[in-house]
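In what follows, a single structure is set out as C-alpha coordinates and then discussed.
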Amino acid sequence: MFRQPLHDRGVISRYRTYLPVSEATPVVSLNEGSTPLIHCAKLSAKVGRGCEVYLKYEGLNPTGSFKDRGMTMAISKAAEAGKRAVICASTGNTSAAAAAYATRAGMDCVVLLPAGKISAGKLAQAYVYGAKVVAIEGNFDDALDLVRKIGEREEFAVVNSINPHRIEGQKTAAFEIVEELGDAPDIHILPVGNAGNITAYWKGYQEYAALGKSRRQPRMAGFQAAGSAPIFYNQVVEHPETVATAIRIGNPASWEQARAAIRESGGAIDIVSDAEIMEAQAWLAGQEGIFVEPGSAASVAGLLKCLDCGREPCASCPVRGVAEGSTIVLTVTGHGLKDIEAPLKYRSFAPRQSANQVEAVLQALGY
Ligand code: AN7
(Lines give C-alpha, C1' and ligand atoms only; values in the text may rest on other atoms or scores of the structure.)
Protein backbone atom coordinates (compact mmCIF):
# COMPACT_ATOMS: atom_id res chain seq x y z
CA MET A 1 0.00 0.00 0.00
CA PHE A 2 1.48 3.35 -1.02
CA ARG A 3 1.22 6.41 1.11
CA GLN A 4 -1.23 9.02 -0.14
CA PRO A 5 0.82 12.22 -0.26
CA LEU A 6 -0.56 15.10 1.79
CA HIS A 7 -0.48 17.38 -1.22
CA ASP A 8 -2.59 15.03 -3.34
CA ARG A 9 -5.18 17.64 -4.20
CA GLY A 10 -6.12 17.21 -7.82
CA VAL A 11 -9.27 18.94 -9.00
CA ILE A 12 -11.47 15.84 -8.73
CA SER A 13 -10.59 15.13 -5.11
CA ARG A 14 -10.86 18.82 -4.30
CA TYR A 15 -14.19 19.50 -6.04
CA ARG A 16 -15.78 16.05 -6.16
CA THR A 17 -19.17 17.39 -4.99
CA TYR A 18 -19.42 19.73 -7.96
CA LEU A 19 -18.29 17.29 -10.64
CA PRO A 20 -20.08 14.41 -12.37
CA VAL A 21 -18.07 11.67 -10.68
CA SER A 22 -19.07 8.82 -8.38
CA GLU A 23 -17.43 6.10 -6.33
CA ALA A 24 -17.29 4.13 -9.58
CA THR A 25 -15.08 6.72 -11.28
CA PRO A 26 -11.38 5.77 -11.20
CA VAL A 27 -9.61 9.08 -10.56
CA VAL A 28 -6.73 9.66 -12.96
CA SER A 29 -4.84 12.66 -11.64
CA LEU A 30 -1.44 14.34 -11.65
CA ASN A 31 -2.35 16.74 -8.83
CA GLU A 32 -3.44 19.38 -11.31
CA GLY A 33 -5.08 22.63 -10.25
CA SER A 34 -4.45 24.74 -7.13
CA THR A 35 -2.43 27.06 -9.34
CA PRO A 36 -1.27 30.38 -7.91
CA LEU A 37 -3.29 33.56 -8.25
CA ILE A 38 -0.51 36.12 -8.44
CA HIS A 39 -1.05 39.79 -7.67
CA CYS A 40 0.70 41.98 -10.25
CA ALA A 41 1.71 45.34 -8.79
CA LYS A 42 2.98 46.84 -12.03
CA LEU A 43 -0.01 45.74 -14.07
CA SER A 44 -2.30 47.08 -11.33
CA ALA A 45 -0.47 50.41 -11.40
CA LYS A 46 -0.96 50.58 -15.17
CA VAL A 47 -4.70 50.13 -14.77
CA GLY A 48 -4.68 52.66 -11.92
CA ARG A 49 -7.72 53.94 -10.00
CA GLY A 50 -7.10 51.54 -7.16
CA CYS A 51 -7.77 48.50 -9.33
CA GLU A 52 -6.01 45.25 -8.50
CA VAL A 53 -4.90 42.85 -11.21
CA TYR A 54 -4.19 39.17 -10.60
CA LEU A 55 -2.89 36.45 -12.90
CA LYS A 56 -4.17 32.89 -12.65
CA TYR A 57 -0.96 31.14 -13.64
CA GLU A 58 -2.18 27.96 -15.31
CA GLY A 59 1.24 27.21 -16.75
CA LEU A 60 2.06 25.67 -13.38
CA ASN A 61 -0.17 22.66 -14.03
CA PRO A 62 1.58 19.27 -14.43
CA THR A 63 1.88 19.37 -18.23
CA GLY A 64 2.26 23.14 -18.29
CA SER A 65 -1.22 24.32 -19.24
CA PHE A 66 -4.83 24.64 -18.05
CA LYS A 67 -5.76 21.60 -20.14
CA ASP A 68 -4.85 19.29 -17.24
CA ARG A 69 -7.97 20.37 -15.30
CA GLY A 70 -10.26 19.14 -18.04
CA MET A 71 -8.14 16.14 -18.91
CA THR A 72 -8.24 14.62 -15.41
CA MET A 73 -12.03 14.57 -15.82
CA ALA A 74 -12.13 13.39 -19.45
CA ILE A 75 -9.67 10.54 -18.88
CA SER A 76 -11.23 9.48 -15.57
CA LYS A 77 -14.65 9.28 -17.23
CA ALA A 78 -13.19 7.43 -20.23
CA ALA A 79 -11.66 4.93 -17.80
CA GLU A 80 -15.01 4.58 -16.04
CA ALA A 81 -16.61 3.83 -19.43
CA GLY A 82 -14.01 1.15 -20.06
CA LYS A 83 -12.37 2.91 -23.01
CA ARG A 84 -8.96 1.66 -24.10
CA ALA A 85 -8.02 4.63 -26.27
CA VAL A 86 -8.56 8.36 -26.53
CA ILE A 87 -8.26 10.67 -29.50
CA CYS A 88 -7.96 14.44 -29.87
CA ALA A 89 -7.05 17.17 -32.31
CA SER A 90 -4.78 19.79 -30.86
CA THR A 91 -2.77 22.94 -31.31
CA GLY A 92 -0.40 21.30 -28.82
CA ASN A 93 -1.55 21.66 -25.24
CA THR A 94 -4.58 19.39 -25.35
CA SER A 95 -2.43 16.66 -26.89
CA ALA A 96 0.26 17.04 -24.23
CA ALA A 97 -2.33 16.71 -21.46
CA ALA A 98 -4.21 13.88 -23.18
CA ALA A 99 -0.99 11.94 -23.71
CA ALA A 100 0.10 12.27 -20.08
CA TYR A 101 -3.26 11.38 -18.50
CA ALA A 102 -4.02 8.58 -20.98
CA THR A 103 -0.64 7.02 -20.22
CA ARG A 104 -1.39 7.16 -16.50
CA ALA A 105 -4.68 5.38 -17.18
CA GLY A 106 -2.99 2.74 -19.35
CA MET A 107 -4.82 3.88 -22.47
CA ASP A 108 -3.62 4.52 -26.00
CA CYS A 109 -3.59 8.17 -27.01
CA VAL A 110 -3.97 9.27 -30.62
CA VAL A 111 -3.33 12.93 -31.42
CA LEU A 112 -4.01 14.70 -34.71
CA LEU A 113 -1.92 17.83 -35.11
CA PRO A 114 -1.74 20.50 -37.82
CA ALA A 115 1.57 19.72 -39.56
CA GLY A 116 4.32 22.26 -38.91
CA LYS A 117 2.22 24.46 -36.63
CA ILE A 118 2.92 22.95 -33.24
CA SER A 119 5.69 24.29 -31.02
CA ALA A 120 8.56 21.85 -30.58
CA GLY A 121 8.04 21.71 -26.83
CA LYS A 122 4.44 20.57 -27.16
CA LEU A 123 5.29 18.08 -29.89
CA ALA A 124 8.03 16.65 -27.68
CA GLN A 125 5.52 16.25 -24.87
CA ALA A 126 3.16 14.19 -27.04
CA TYR A 127 6.01 11.90 -28.07
CA VAL A 128 7.63 11.60 -24.66
CA TYR A 129 4.34 10.79 -22.94
CA GLY A 130 3.90 8.05 -25.54
CA ALA A 131 1.12 9.27 -27.83
CA LYS A 132 0.60 8.10 -31.41
CA VAL A 133 1.12 11.32 -33.31
CA VAL A 134 -0.42 12.01 -36.72
CA ALA A 135 0.43 15.25 -38.55
CA ILE A 136 -2.50 16.43 -40.67
CA GLU A 137 -2.11 18.44 -43.85
CA GLY A 138 -4.45 21.13 -42.70
CA ASN A 139 -5.18 23.25 -39.66
CA PHE A 140 -6.65 22.52 -36.23
CA ASP A 141 -10.21 22.81 -37.52
CA ASP A 142 -9.53 20.15 -40.17
CA ALA A 143 -7.99 17.90 -37.52
CA LEU A 144 -11.01 18.35 -35.24
CA ASP A 145 -13.35 17.42 -38.11
CA LEU A 146 -11.42 14.17 -38.55
CA VAL A 147 -11.53 13.49 -34.81
CA ARG A 148 -15.31 13.92 -34.75
CA LYS A 149 -15.57 11.25 -37.47
CA ILE A 150 -12.98 8.78 -36.19
CA GLY A 151 -14.23 9.33 -32.63
CA GLU A 152 -17.57 7.77 -33.58
CA ARG A 153 -15.81 4.41 -33.54
CA GLU A 154 -16.63 2.56 -30.39
CA GLU A 155 -13.05 2.09 -29.14
CA PHE A 156 -12.27 5.80 -28.84
CA ALA A 157 -13.21 8.47 -26.36
CA VAL A 158 -12.88 11.96 -27.84
CA VAL A 159 -11.11 14.22 -25.33
CA ASN A 160 -11.39 17.57 -27.08
CA SER A 161 -13.54 20.14 -25.32
CA ILE A 162 -16.57 18.92 -27.28
CA ASN A 163 -16.41 16.29 -24.52
CA PRO A 164 -18.47 17.95 -21.74
CA HIS A 165 -16.30 16.43 -19.01
CA ARG A 166 -13.46 18.69 -20.15
CA ILE A 167 -15.55 21.79 -19.46
CA GLU A 168 -16.53 20.38 -16.06
CA GLY A 169 -12.91 19.99 -15.02
CA GLN A 170 -11.87 23.37 -16.34
CA LYS A 171 -14.61 25.22 -14.44
CA THR A 172 -12.69 24.46 -11.21
CA ALA A 173 -10.29 27.31 -12.00
CA ALA A 174 -13.17 29.75 -11.40
CA PHE A 175 -13.91 28.01 -8.08
CA GLU A 176 -10.31 28.48 -6.95
CA ILE A 177 -10.37 32.17 -7.85
CA VAL A 178 -13.58 32.79 -5.90
CA GLU A 179 -12.16 30.97 -2.88
CA GLU A 180 -8.92 32.90 -3.00
CA LEU A 181 -10.47 36.36 -3.49
CA GLY A 182 -13.49 35.73 -1.25
CA ASP A 183 -15.70 36.68 -4.20
CA ALA A 184 -15.65 36.62 -8.00
CA PRO A 185 -13.58 39.36 -9.68
CA ASP A 186 -15.29 42.24 -11.48
CA ILE A 187 -13.67 41.37 -14.78
CA HIS A 188 -12.17 38.11 -16.03
CA ILE A 189 -9.95 38.24 -19.12
CA LEU A 190 -8.72 35.21 -21.03
CA PRO A 191 -7.46 34.14 -24.45
CA VAL A 192 -9.97 32.44 -26.74
CA GLY A 193 -9.22 29.68 -29.24
CA ASN A 194 -11.68 26.82 -29.39
CA ALA A 195 -13.64 28.73 -26.72
CA GLY A 196 -13.92 25.86 -24.25
CA ASN A 197 -12.17 27.72 -21.45
CA ILE A 198 -14.29 30.88 -21.50
CA THR A 199 -17.32 28.55 -21.47
CA ALA A 200 -15.91 26.62 -18.52
CA TYR A 201 -15.03 29.68 -16.42
CA TRP A 202 -18.47 31.20 -16.95
CA LYS A 203 -20.07 27.91 -15.90
CA GLY A 204 -17.90 27.82 -12.78
CA TYR A 205 -18.67 31.40 -11.80
CA GLN A 206 -22.39 30.86 -12.32
CA GLU A 207 -22.41 27.68 -10.25
CA TYR A 208 -20.56 29.27 -7.33
CA ALA A 209 -22.86 32.29 -7.42
CA ALA A 210 -25.91 29.99 -7.37
CA LEU A 211 -24.42 28.20 -4.36
CA GLY A 212 -24.01 31.50 -2.55
CA LYS A 213 -20.23 31.23 -2.55
CA SER A 214 -19.87 34.54 -4.39
CA ARG A 215 -21.97 37.69 -4.46
CA ARG A 216 -21.17 38.78 -7.98
CA GLN A 217 -20.25 37.37 -11.36
CA PRO A 218 -17.52 38.84 -13.52
CA ARG A 219 -17.75 40.34 -16.95
CA MET A 220 -16.05 37.82 -19.24
CA ALA A 221 -13.65 39.40 -21.73
CA GLY A 222 -12.10 37.17 -24.38
CA PHE A 223 -9.23 38.01 -26.73
CA GLN A 224 -8.53 36.31 -30.03
CA ALA A 225 -5.47 36.72 -32.23
CA ALA A 226 -6.32 39.15 -35.02
CA GLY A 227 -5.53 36.59 -37.74
CA SER A 228 -7.65 33.91 -36.05
CA ALA A 229 -10.67 35.76 -34.77
CA PRO A 230 -13.86 34.05 -35.96
CA ILE A 231 -15.94 35.03 -32.94
CA PHE A 232 -14.90 38.68 -33.13
CA TYR A 233 -15.61 38.88 -36.87
CA ASN A 234 -18.61 36.58 -36.55
CA GLN A 235 -17.45 34.36 -39.40
CA VAL A 236 -15.38 31.24 -39.88
CA VAL A 237 -11.73 31.98 -40.69
CA GLU A 238 -10.68 29.46 -43.37
CA HIS A 239 -6.95 30.02 -42.99
CA PRO A 240 -6.25 31.22 -39.48
CA GLU A 241 -2.76 32.60 -38.87
CA THR A 242 -1.01 33.84 -35.73
CA VAL A 243 2.29 33.53 -33.92
CA ALA A 244 0.19 32.26 -31.01
CA THR A 245 -0.23 28.76 -32.47
CA ALA A 246 -2.19 27.61 -29.40
CA ILE A 247 -5.13 29.80 -30.47
CA ARG A 248 -4.74 29.40 -34.24
CA ILE A 249 -8.34 28.22 -34.65
CA GLY A 250 -10.80 29.40 -37.29
CA ASN A 251 -14.01 27.59 -36.33
CA PRO A 252 -14.28 27.20 -32.56
CA ALA A 253 -16.26 24.24 -31.22
CA SER A 254 -17.75 26.24 -28.32
CA TRP A 255 -18.55 29.32 -30.39
CA GLU A 256 -22.17 29.60 -29.24
CA GLN A 257 -21.33 28.97 -25.59
CA ALA A 258 -18.66 31.67 -25.72
CA ARG A 259 -21.12 34.13 -27.22
CA ALA A 260 -23.58 33.29 -24.46
CA ALA A 261 -20.94 33.78 -21.75
CA ILE A 262 -20.03 37.18 -23.17
CA ARG A 263 -23.65 38.25 -23.58
CA GLU A 264 -24.91 37.00 -20.22
CA SER A 265 -21.97 38.44 -18.30
CA GLY A 266 -22.03 41.81 -20.07
CA GLY A 267 -18.54 41.06 -21.30
CA ALA A 268 -16.68 41.51 -24.56
CA ILE A 269 -14.70 39.84 -27.32
CA ASP A 270 -11.82 41.67 -28.96
CA ILE A 271 -8.64 41.05 -30.92
CA VAL A 272 -4.91 41.59 -30.42
CA SER A 273 -2.22 41.61 -33.10
CA ASP A 274 0.77 39.28 -33.12
CA ALA A 275 3.02 42.25 -32.31
CA GLU A 276 0.85 43.15 -29.31
CA ILE A 277 0.95 39.52 -28.16
CA MET A 278 4.74 39.30 -28.34
CA GLU A 279 5.19 42.68 -26.66
CA ALA A 280 2.86 41.63 -23.86
CA GLN A 281 4.79 38.38 -23.40
CA ALA A 282 8.06 40.31 -23.10
CA TRP A 283 6.51 42.93 -20.80
CA LEU A 284 5.05 40.35 -18.45
CA ALA A 285 8.28 38.38 -18.21
CA GLY A 286 10.45 41.49 -17.91
CA GLN A 287 8.23 43.42 -15.47
CA GLU A 288 6.38 40.84 -13.42
CA GLY A 289 8.70 37.84 -13.77
CA ILE A 290 6.03 35.64 -15.31
CA PHE A 291 6.85 33.86 -18.58
CA VAL A 292 3.81 32.65 -20.48
CA GLU A 293 3.39 31.29 -24.00
CA PRO A 294 2.16 33.62 -26.76
CA GLY A 295 -1.39 32.26 -26.70
CA SER A 296 -1.59 33.11 -23.01
CA ALA A 297 -0.05 36.54 -23.46
CA ALA A 298 -3.11 37.44 -25.56
CA SER A 299 -5.04 38.18 -22.37
CA VAL A 300 -2.35 40.53 -21.07
CA ALA A 301 -2.03 42.09 -24.54
CA GLY A 302 -5.77 42.70 -24.49
CA LEU A 303 -5.70 44.52 -21.17
CA LEU A 304 -2.68 46.62 -22.21
CA LYS A 305 -4.29 47.45 -25.55
CA CYS A 306 -7.44 48.67 -23.88
CA LEU A 307 -5.48 50.83 -21.46
CA ASP A 308 -3.46 52.42 -24.23
CA CYS A 309 -6.11 52.84 -26.86
CA GLY A 310 -6.92 56.40 -25.81
CA ARG A 311 -10.26 56.31 -27.56
CA GLU A 312 -13.61 56.74 -25.94
CA PRO A 313 -14.49 53.46 -24.25
CA CYS A 314 -15.62 51.19 -27.06
CA ALA A 315 -18.24 48.47 -26.89
CA SER A 316 -15.63 45.73 -26.80
CA CYS A 317 -13.44 47.32 -24.14
CA PRO A 318 -13.14 45.12 -21.04
CA VAL A 319 -11.98 48.02 -18.89
CA ARG A 320 -14.71 50.41 -19.94
CA GLY A 321 -16.39 52.04 -17.04
CA VAL A 322 -14.40 49.97 -14.58
CA ALA A 323 -15.27 51.21 -11.14
CA GLU A 324 -12.52 52.38 -8.84
CA GLY A 325 -11.04 49.55 -6.82
CA SER A 326 -12.14 46.84 -9.24
CA THR A 327 -10.61 43.40 -9.22
CA ILE A 328 -9.41 42.08 -12.57
CA VAL A 329 -8.25 38.49 -13.09
CA LEU A 330 -6.40 37.35 -16.19
CA THR A 331 -5.92 33.69 -16.96
CA VAL A 332 -2.50 32.95 -18.42
CA THR A 333 -3.13 29.53 -19.83
CA GLY A 334 0.26 27.99 -20.61
CA HIS A 335 3.90 28.15 -19.52
CA GLY A 336 6.39 30.19 -21.54
CA LEU A 337 8.71 27.21 -21.91
CA LYS A 338 6.04 25.50 -24.03
CA ASP A 339 7.12 27.57 -27.02
CA ILE A 340 10.59 29.04 -26.96
CA GLU A 341 10.78 29.39 -30.76
CA ALA A 342 8.34 32.31 -30.85
CA PRO A 343 10.19 34.76 -28.57
CA LEU A 344 13.58 33.74 -29.98
CA LYS A 345 12.31 34.46 -33.48
CA TYR A 346 10.68 37.71 -32.48
CA ARG A 347 13.70 39.24 -30.75
CA SER A 348 17.37 38.46 -30.94
CA PHE A 349 18.88 37.54 -27.62
CA ALA A 350 22.65 37.48 -28.08
CA PRO A 351 24.87 36.86 -25.06
CA ARG A 352 27.68 39.30 -24.36
CA GLN A 353 30.97 37.74 -25.47
CA SER A 354 33.82 37.52 -23.01
CA ALA A 355 37.16 35.90 -22.48
CA ASN A 356 37.42 33.44 -19.60
CA GLN A 357 38.62 36.09 -17.08
CA VAL A 358 37.00 38.07 -14.28
CA GLU A 359 38.09 41.43 -15.69
CA ALA A 360 36.81 40.57 -19.16
CA VAL A 361 33.41 39.50 -17.80
CA LEU A 362 33.07 42.70 -15.78
CA GLN A 363 34.06 44.73 -18.80
CA ALA A 364 31.54 42.91 -21.01
CA LEU A 365 28.89 43.78 -18.40
CA GLY A 366 29.88 47.42 -18.36
CA TYR A 367 30.98 47.48 -14.69
C1 AN7 B 1 -2.14 28.12 -24.05
O2 AN7 B 1 -4.45 22.46 -27.25
O3 AN7 B 1 -7.09 24.27 -28.48
O4 AN7 B 1 -10.48 28.78 -26.02
O5 AN7 B 1 -5.74 21.99 -28.92
O6 AN7 B 1 -3.30 26.03 -25.55
O7 AN7 B 1 -10.45 26.82 -24.49
O8 AN7 B 1 -9.57 26.60 -26.81
C9 AN7 B 1 -5.45 25.02 -26.99
C10 AN7 B 1 -6.01 26.19 -26.65
C11 AN7 B 1 -5.52 29.34 -24.77
C12 AN7 B 1 -7.48 28.54 -25.95
N13 AN7 B 1 -4.26 29.24 -24.33
O14 AN7 B 1 -8.38 27.91 -25.09
C15 AN7 B 1 -5.38 22.76 -28.02
C16 AN7 B 1 -6.06 24.05 -27.87
C17 AN7 B 1 -3.52 28.16 -24.59
C18 AN7 B 1 -4.07 27.10 -25.33
C19 AN7 B 1 -6.10 28.34 -25.51
C20 AN7 B 1 -5.38 27.20 -25.82
P21 AN7 B 1 -9.81 27.50 -25.62
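The values are calculated or read from the model by the stated rules, or taken from the named source; none is laboratory data. Here the structure is a predicted model, which means the values were calculated and not measured. Cβ atoms come from the backbone with ideal geometry, glycine included; neighbour counts cover every protein chain shown. All accessible areas refer to the heavy atoms of the entire protein, side chains included, with ligands and DNA or RNA removed. Shrake-Rupley method; radii C 1.70, N 1.55, O 1.52, S 1.80 Å.
Going by the alpha-carbon gyration tensor, a ≥ b ≥ c the square roots of its eigenvalues, is the stretch 1-148 rounded (a/c under 1.5) or, if a/c is not under 1.5, prolate (a/b greater than b/c) versus oblate? If you can, show how the numbers build up before the last one.
Working: a/c = 2.16, a/b = 1.19, b/c = 1.82.
Oblate.
Tell me, how many Å apart are the Cα centres for the stretch 105-120 and for the stretch 177-236?
The stretch 105-120 and the stretch 177-236 have Cα centres separated by 27 Å.
What whole-number value in Å² describes the accessible area per residue of the stretch 32-178 for a 1.4 Å probe? Could the numbers behind the result be given before it?
On the way: 5090 Å² over 147 residues.
On a per-residue basis, 35 Å².
Just read off the accessible area of LEU365 with the full protein assembly in place, 1.4 Å probe, to the nearest 10 Å².
Accessible area, nearest 10 Å²: 80 Å².
Residue-wise, which Karplus ³J(HN,Hα) couplings in Hz belong to the stretch 153-160, taking 6.51 cos²θ - 1.76 cosθ + 1.60, θ = phi - 60°, and x for glycine or proline?
5, 5, 6, 9, 9, 7, 10, 6
Could you identify which residue out of GLY169, GLY70, GLY82 has the top mean-square fluctuation in a GNM of the chain using Cα springs shorter than 10 Å?
Of GLY169, GLY70, GLY82, the Gaussian network model singles out GLY82 as fluctuating most.
With springs connecting C-alpha atoms under 10 Å apart, model the chain as a Gaussian network and identify which of PRO20, PRO294, PRO351 has the largest mean-square fluctuation.
In this elastic network of the chain, the residue with the biggest mean-square fluctuation among PRO20, PRO294, PRO351 is PRO351.
Given a Förster distance of 41 angstrom, what is the FRET efficiency for SER22 paired with LEU337, based on the Cβ-Cβ distance and rounded to 0.05? Mind showing how you got there, number by number?
Values: r = 37 Å, r/R0 = 0.90.
Calculated transfer efficiency: 0.65.
Accessible area per residue, 1.4 Å probe, Å², for the stretch 201-296: what's the number?
Averaged over the residues of the stretch 201-296, the accessible area is 39 Å².
Cross-link partners among lysines for LYS213, C-alpha distance below 26 Å, same-chain residues fewer than 8 apart left out?
LYS56, LYS67, LYS171, LYS203
Sequence-distant or interchain residues sharing an amide H contact under 5 Å with ILE189, placed H: which?
Correct list: ALA221, VAL329, LEU330, THR331.
As a check on your grasp of the helix formula, calculate [θ] at 222 nm for the chain: sum -39500 (n - 2.57) over DSSP H runs of n ≥ 4, divide by the residue count, round to the nearest 500.
Values: 15 runs with 145 residues, N = 367.
Estimated from H runs of four or more residues: -11500 deg cm²/dmol.
For the chain, what value does the Rg/Rh ratio take when both radii are computed over Cα atoms and Rh is the Kirkwood radius, given to two decimals?
Working: Rg = 20.6 Å, Rh = 20.9 Å.
Answer for the chain: 0.98.
Please state the Cα pair-distance histogram of the stretch 205-327 with 10 angstrom bins from zero: what percent is in each bin?
That works out to 13, 38, 36, 13, 0, in percent per bin.
When the accessible area of the stretch 47-104 is computed with all protein chains present and a 1.4 Å probe, what percentage of it is carbon and sulfur?
Values: 610 of 1380 Å².
Using a 1.4 Å probe with all protein chains present, the stretch 47-104 comes out at 44 percent carbon and sulfur.
Taking 0.36 nm per residue of sequence separation and subtracting the Cα-Cα distance, how much length would be gained by fully extending the chain between GLU180 and LEU211, in nm to one decimal?
Working: separation 31, 0.36 × 31 = 11.16 nm, distance 1.63 nm.
Here the segment from GLU180 to LEU211 would lengthen by 9.5 nm.
For a quick check: with amide H placed at 1.01 Å from N, whose amide H comes under 5 Å from SER119's, ignoring anything fewer than 5 positions away on the same chain?
The list, which skips near neighbours in sequence, is empty: none.
Most fluctuating residue of LEU190, LEU146, LEU344 in a GNM of the chain with Cα springs under 10 Å: which is it?
LEU344
Starting from the Cα of TYR127, step 7 Å toward the Cβ, then list every residue of the stretch 79-117 with an amide N under 11 Å from that point.
Taking a point 7 Å out along Cα→Cβ of TYR127, no residue of the stretch 79-117 has its backbone N under 11 Å.
Calculate the tail of P(r) for the stretch 151-217: the fraction of all Cα-Cα distances greater than 17 Å, expressed in %. Present the calculation step by step, with values, prior to reporting the outcome.
On the way: 996 of 2211 pairs.
So the pairs more than 17 Å apart make up 45 percent of the total in the stretch 151-217.
Antiparallel as a % of all DSSP beta bridges within the chain, to the nearest 5?
Details: 5 of 37 bridges.
Among the beta bridges of the chain, antiparallel pairing accounts for roughly 15 percent.
Spelling out what I want: for every residue of the stretch 51-68, take phi, set θ = phi - 60°, compute 6.51 cos²θ - 1.76 cosθ + 1.60 (Karplus), and round to whole Hz; glycine and proline get x.
Ordered by residue, 3J(HN,Hα) equals 7, 10, 10, 10, 10, 8, 8, 6, x, 8, 6, x, 9, x, 8, 5, 4, 4 Hz.
How large is the accessible surface of GLU168 in square angstrom, using a 1.4 angstrom probe and rounding to the nearest 10?
Taking all protein chains as shown, GLU168 has close to 30 Å².
Given a 1.4 Å probe and the protein chains all in place, what does the accessible area of THR245 round to, in Å² to the nearest 10?
Here the accessible area works out near 30 Å².
Once amide H atoms are built 1.01 Å from N in the peptide plane, which residues 5 or more positions from GLN224, or in another chain, come under 5 Å H to H?
VAL192, ASP270, ILE271, VAL272
Among the lysines, select those whose C-alpha is under 25 Å from the C-alpha of LYS345, and discard any that sit fewer than 8 residues away in the same chain.
LYS117, LYS122, LYS305
In percent, how large is the relative contact order of the stretch 231-367, given Cα pairs closer than 8 Å and 6 or more residues apart? Spell out each step's value before the answer.
Values: 128 pairs, mean separation 28.6, N = 137.
The normalised contact order for the stretch 231-367 reaches 21 percent.
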